[in-house]
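The structure appears right after this line, and notes come after that.
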Amino acid sequence: MKKNIMIFILGLYSALLFAGTPKWITDLESAFPDKSFIRAVGEGRSESSAKKAALAELSSYFGQTIKSENQAVQITKQSDISYEEKLDLRRDLNTYSEVDLLCVHYTTAWYNKRTDRFYVCAYLDRAEFWNILKQRIESFTSKLEALYKSAKLEKDLFKKSMILEEASSVYEECKLLFAKALAVYPSKFGQYEKILERFLEKLQELADLKRKVVVSVLVNGDKDGQIRAKLCELLKKYGITVCGQDKTSAANANYTLSAQVLWNDKALNSLYSSTPQIEFTIKGPGNAGTVYSYSGICEKVATYNVQTTEQMALSRLEELLDQLQLWR
């Protein structure tokens, strides 16, 4: 009799304890089945902190899923070259600590008096998320196809390589979408594998073209060769070969970058100012003419020390060139 009473009391205590507790707390799988949802529960001292914790946990799911897929591919396809390329892709995708998630939904926050903490469940509907991903992937792949078509029609090596460089940038964005697609529906990712293979093959053309482009860099108005060094750095960032300044090396160049730098230095009542600007063109071999041109001006800098002003002006100009994308 006492045993039955104890069981009754324990049952009553449990019922009171969980009265009003959301189902996603007591049985997450029943509330949001894994087959249909990606979900995560976060907790915190406030509703907003619990929501942020839930979103962070939801984001980490994508990294964990990609890592798991990476290991699976490594075991089953380690001797296949084409799959090794995709393995590298998936490994790269796993380095992102934050995932730009779409259509995230949240439950109403639940407060637990016993723990004095708030709880929130963040979740994604796999089907809804998949449809949005498909639309974005199709948009990116269409843009890639258009860029590849444009590159195929372009005759100039420099212009062609820059078009393909832009395609490479778009491809990097597309990789993030492929990562999400892999995490949401691993079984459906196969339909994009051939697309990945095809794009990877086309991007190999970029490396081959760059080796054929050699640029000679000439700068008028430079200070201690620092602007020339920055322009060379810019070109090398795109994998383009820059020849030396001696005549023998310059003879091997098939493109010439000619730059004009104006510092616009002024002095007024011990105040020294500078408004640096740069213009440059890249001309091709023979009668190819100008294949790229750029003109930019920085904000005015002014100090009471001429050396400081010069250093700030140089820094501003370098920052301007750092932001430059040669395909724009």
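What the table shows:
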| item | result |
| --- | --- |
| Largest-first principal axis extents of the Cα set of the stretch 201-272 (Å) | 62, 30, 14 |
| Dipole moment magnitude, nearest 20 debye, the stretch 97-208 about Cα centre, only Lys, Arg, Asp, Glu C-beta charged | 420 debye |
| Cross-link table LYS143/LYS230; LYS160/LYS180; LYS143/LYS188; LYS155/LYS210, entries beyond 24 Å C-alpha to C-alpha | LYS143/LYS230; LYS160/LYS180 |
| Dipole moment magnitude, nearest 20 debye, the stretch 195-325 about Cα centre, only Lys, Arg, Asp, Glu C-beta charged | 280 debye |
| For TRP110, solvent-accessible area (1.4 Å; no DNA, RNA or ligand), Å² | 50 Å² |
| Percent of C-alpha pairs per 10 Å bin, the stretch 129-185, short to long | 24, 44, 22, 9, 1 |
| Neighbourhood net charge (15 Å Cβ-Cβ; Lys/Arg +1, Asp/Glu -1) for ASN112 | +2 |
| Per residue convex hull volume, Cα atoms of the stretch 111-237, in Å³ | 196 Å³ |
| Cα extents of the stretch 269-324 along the three principal axes, largest first (Å) | 50, 21, 15 |
| Ratio of the Cα radius of gyration of the stretch 231-306 to 2.2 N^0.38 Å, where N counts its residues | 1.48 |
| Principal axis dimensions, largest first and in whole angstrom, of the stretch 154-204 by Cα | 42, 17, 13 |
| Backbone N under 11 Å from the HIS105 label point (7 Å along Cα→Cβ), restricted to the stretch 24-42 | 32-33, 37-38 |
| In Å², nearest 10: area of LYS283 left accessible to a 1.4 Å probe | 100 Å² |
| The stretch 171-323, Cα convex hull volume normalised per residue, Å³ | 145 Å³ |
| Cut-off 14 Å between beta-carbons: net charge of the residues surrounding ASN287, Lys and Arg +1, Asp and Glu -1 | +1 |
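The values are calculated or read from the model by the stated rules, or taken from the named source; none is laboratory data. Predicted, not measured: the structure shown is a model, and the values here were computed from it. Don't worry about glycine lacking a Cβ; one is built from the backbone with ideal geometry, like all the others, and counts go over all protein chains shown. Just so you know, the surface numbers come from the protein's heavy atoms only, side chains and all, with ligands and any DNA or RNA stripped out. Shrake-Rupley method; radii C 1.70, N 1.55, O 1.52, S 1.80 Å.
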